[in-house]
1. With ALA558, ALA552, ALA582, ALA566 as the choices, which residue is outside any helix (DSSP H, G or I), of a type in the set (A, V, I, L, M) and more than 17 Å from the chain's Cα centre (by Cα)?
2. Kindly establish whether VAL584 is at pLDDT below 85 and among the hydrophobic types (A, V, I, L, M, F, W, C).
3. When you scan the stretch 598-706 for helices (runs of 4 or more DSSP H) that lie fully inside it, which ones turn up with 1 or more residues that are within 29 Å of PHE287 (Cβ to Cβ) and among the hydroxyl-bearing types (Ser, Thr, Tyr)?
4. Evaluate the following for ARG277: is it in contact (Cβ under 8 Å) with a residue 60 or more places away in the chain, outside any loop (DSSP other than H, G, I, E, B) and among the basic types (Lys, Arg)?
5. Determine which single condition VAL244 fails, assuming it passes every other condition in (1) aliphatic (A, V, I, L, M); (2) at pLDDT 85 or above; (3) surrounded by 21 or more Cβ atoms within 10 Å (Cβ to Cβ); (4) within 25 Å of ILE660 (Cβ to Cβ).
6. Under the condition of being assigned to a loop (DSSP other than H, G, I, E, B) and touching a strand residue (DSSP E or B) at 6+ places or on another chain (Cβ under 7 Å), which residue from the stretch 94-122 is nearest to GLY162 (Cα to Cα)?
7. Consider the stretch 206-230. How many of its residues are in a helix (DSSP H, G or I) and either closer than 23 Å to PHE186 by Cα or hydrophobic (A, V, I, L, M, F, W, C) (or both)?
Amino acid sequence: MTTRDSDGTPPAASSRRRLGPLVCGRRSKWIVLVFWLVLLVVAFPLSAKLTGAQDNDTASWLPGSAESTKVFEVQQDAFQTGEELPAIIVYERPDGITAADQQKAAADARAFAGVEHVSGDVVGPVPSEDGQALEVIVPVDPGDGGWFALGESVDEMNDIIGGGPDGLNAYVAGPAGVSADFADAFEGIDGTLLYAAMGVVIVILLFSYRSPVLWIIPVFSAFTALTAAQAVVYLLAEYAGVTVNGQTAGILLVLVFGASTDYALLLIARYREELRRHEDRHEAMAFALHRAGPAIVASSATVAVGMLCLMAAEMNSTRGMGPVLAIGVLIGVTAMLSLLPALLVVTGRWVFWPLKPKFGSVEPTERGFWSRIGRTIAHRPRTVWIGTSLALGAMALGLLSLNTGVIQNKDAFIDTPASITGEDALARHFPAGTGSPVIVIANAPESDAVRQAFADTNGISDVTEPTPVDNGLVYMEGTLQAAPDSPAAQDTVEAVRDSVHAVPDADAQVGGNTAINLDAQNAASRDSAVIMPLVLVAVFIILMLLLRAFVAPLILIATVVLSFAAALGLSSLIFEHVLGFAGVDTGFPLFVFVFLVALGIDYNIFLMTRVHEEAKQHGTRRGALIGLAATGGVITSAGLVLAGTFAVLATLPVVAFAEIGIAVALGVLLDTLIVRSVLVTALNLDIGRFIWWPSALSQRHEPPAAVVAEEPGEVPEVPRPVR
């Protein structure tokens with residue numbers, strides 16, 4: 001027996017205890033704590049600058065090798081337009097535009113020229129053929145301000161158009177108007193997500209720990225990790241050329257906070273176990289780090305490697321996300337294996353009040369809920385895993401109704417902002433493609449042939465005369481007859497490409513907003529085909545190294561893929577029949593896949609490393625029950641935390657974020673409550689020691705002791721591992 005926490009230096013401990021002195025020793029814990037507090041003070045002001053360092057320019061999102069990207073670059077170089085987007089102000093009076101309306105629109109047009117960031121001549125007012133509407137086109141270049149500068153300009157325009165004649169409706173629409181509404185949706189995203197995530201985590205931790213104090217330590221540690229991660233990412237974005245946009249910054253916050261809290265839960269659970277076996281808290285933490293550390297490191301490595309696989313993407317926005325998220329996860333796990341242990345040993349047992357783990361007391365998980373679940377599964381494991389697999393497969397059938405592809409602007413918001421109302425008004429009175437032309441560049445000598453091919457394409461009207469630009473190229477625009485964000489418009493772009501590419505020696509290339517969306521969709525499809533297998537291979541290798549087996553990693557990968565398919569299928573049904581969403585973006589399956597495979601495998605790692613540990617002493621079947629009983633509660637809490645933090649993405653008024661948050665949250669819950677607890681446990685029990693093939697553990701025969709009670713109501717004691 002060691003001396004009590006409050007007494008002097010305890011006697012020498014075993015060699016395994018020596019694995020933790022760097023972070024939880026009697027003196028080193030204070031050094032670690034001071035280091036992280038100093039780092040927090042330094043990192044906090046840097047993390048606040050991350051929003052300003054974001055690159056939300058068009059080029060930061062586009063696939064680098066796409067045709068539309070090349071056109072965009074030529075357009076910028078030739079006309080020095082930067083990120084110019086047109087704002088289209090539409091004035092509508094259903095019973096006919098009056099002279100006063102025309103005077104109002106003309107006066108507004110003159111005022112628009114003085115709005116900040118307006119970068120060219122204001123066109124209009126132009127009357128509609130039906131006489132019920134007017135439009136004014138205002139070119140806006142936000143410059144370095146990005147989306148938020150567009151919002152400022154659109155706000156000024158809204159101030160100008162306000163207060164018109166009675167009965168005249170006016171809206172700021174077009175690409176600039178829609179982009180400004182997206183900017184409003186993302187404004188304050190970091191604060192919204194952080195407070196929502198913290199609220200969810202605090203509630204779950206209060207329920208899990210039933211302590212009014214303990215939750216503060218993991219939340220503070222996760223907040224410190226997030227602050228440090230944001231500061232490092234800011235420095236990389238500012239000085240190392242790493243691309244960070246609004247989407248990446250939002251997911252970074254959710255991922256780091258959620259994953260860090262998960263790692264904290266696992267370590268705290270093992271620490272609480274060891275406090276019942278070791279009287280000295282420093283020794284208990286050393287053992288907890290020794291036992292839980294490998295699983296936590298392997299889990300974070302899996303997530304980081306999964307994120308790094310995104311660097312194989314063609315989409316710039318997806319490729320830039322990879323290193324940013326990997327850095328965040330690695331900083332998070334570093335904090336959870338250093339700052340968190342230091343805080344826990346500094347505070348001592350009292351922090352668990354009122355359920356303080358007493359030295360020598362019985363581990364409650366030995367006769368808890370998950371122990372009973374395990375014994376129930378053990379009676380008919382094959383029936384359980386086959387039935388569970390069929391149920392998950394039935395959920396996956398929802399994939400048949402998953403609508404991926406073009407999401408129109410009107411379907412991209414949870415609500416209906418003014419720009420979308422304006423888009424509808426434009427579509428009623430003007431050619432649908434007004435303000436978002438198809439752009440063609442080609443070699444000057446072939447300009448007439450290219451223009452003719454362009455103009456003859458079905459779906460195109462009003463092709464402009466070729467304008468010479470640099471390097472012997474010409475530039476021309478054509479108006480789409482279909483709405484620029486519709487599938488019909490993308491079909492027209494493909495037809496234009498077929499037509500102008502057929503002109504000999506023209507080297508024609510097609511761009512514009514619709515072409516950009518089409519190229520992004522094609523790149524997202526390619527990225528899914530490349531990255532999904534890459535993630536599976538990387539995760540499989542990590543699992544083989546961790547478990548020193550081939551069969552177990554193969555089975556775990558299969559269960560997570562099945563869980564992903566079920567989550568996606570169930571999400572599809574919810575999106576369509578409950579929430580009324582029009583569909584999902586082409587890149588949606590890839591993001592959900594990477595997050596669910598990388599994060600979902602975490603829970604299997606937590607479970608299987610414990611099963612592997614116990615199987616060495618008790619055999620695989622008995623080890624499976626001990627592992628489930630010991631890890632069931634903490635993994636359930638961890639799953640609820642991660643699902644909750646991703647679910648807060650649904651608080652944003654943007655459909656794409658809500659869909660990712662809902663799908664990942666559903667997938668994590670499936671992994672936590674069904675795949676890990678039921679399916680994997682049943683497979684462990686049915687396959688037995690052969691699950692560890694070809695390692696030496698697969699050659700050991702199962703102990704003769706019974707795995708389950710003879711009677712369903714009997715509760716056999718789960719043996720405590722020998723220390």
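The values are calculated or read from the model by the stated rules, or taken from the named source; none is laboratory data. From a predicted model like this one, the values you see are computed outputs, not experimental measurements. Every residue, glycine as well, gets a Cβ built from its backbone with ideal geometry; the counts of neighbours run over all protein chains shown.
1. Numbers: ALA558 fails: outside any helix (DSSP H, G or I); ALA552 fails: outside any helix (DSSP H, G or I); ALA566 fails: outside any helix (DSSP H, G or I).
Just a single option satisfies the conditions, and that option is ALA582.
2. Details: at pLDDT below 85: yes; among the hydrophobic types (A, V, I, L, M, F, W, C): yes.
It is true that VAL584 is at pLDDT below 85 and among the hydrophobic types (A, V, I, L, M, F, W, C).
3. Values: elements: 620-647, 655-670, 681-687.
Helices (runs of 4 or more DSSP H) meeting the threshold: 620-647, 681-687.
4. Working: in contact (Cβ under 8 Å) with a residue 60 or more places away in the chain: yes; outside any loop (DSSP other than H, G, I, E, B): no; among the basic types (Lys, Arg): yes.
For ARG277, the condition - in contact (Cβ under 8 Å) with a residue 60 or more places away in the chain, outside any loop (DSSP other than H, G, I, E, B) and among the basic types (Lys, Arg) - is not met.
5. Status for VAL244: all satisfied but (2).
6. Of everything passing the filter in the stretch 94-122, ILE97 is nearest to GLY162 (Cα to Cα).
7. First, the residues of the stretch 206-230 that are in a helix (DSSP H, G or I): 206-209, 216-230.
Subsequent filtering for residues that are either closer than 23 Å to PHE186 by Cα or hydrophobic (A, V, I, L, M, F, W, C) (or both) retains 206-207, 216-217, 219-220, 222-223, 225-230.
Residues that pass the stated criteria total 14.
For (1) closer than 23 Å to THR318 by Cα; (2) surrounded by fewer than 19 Cβ atoms within 10 Å (Cβ to Cβ); (3) of a type in the set (Gly, Ala, Ser), each residue gets a yes or a no:
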position: GLU494; (1), (2), (3): no, yes, no
position: VAL503; (1), (2), (3): no, no, no
position: GLY512; (1), (2), (3): yes, no, yes
position: ASN522; (1), (2), (3): yes, yes, no
position: ALA549; (1), (2), (3): no, no, yes
position: ALA566; (1), (2), (3): no, no, yes
position: LEU573; (1), (2), (3): no, yes, no
position: GLU576; (1), (2), (3): no, yes, no
position: LEU579; (1), (2), (3): no, yes, no
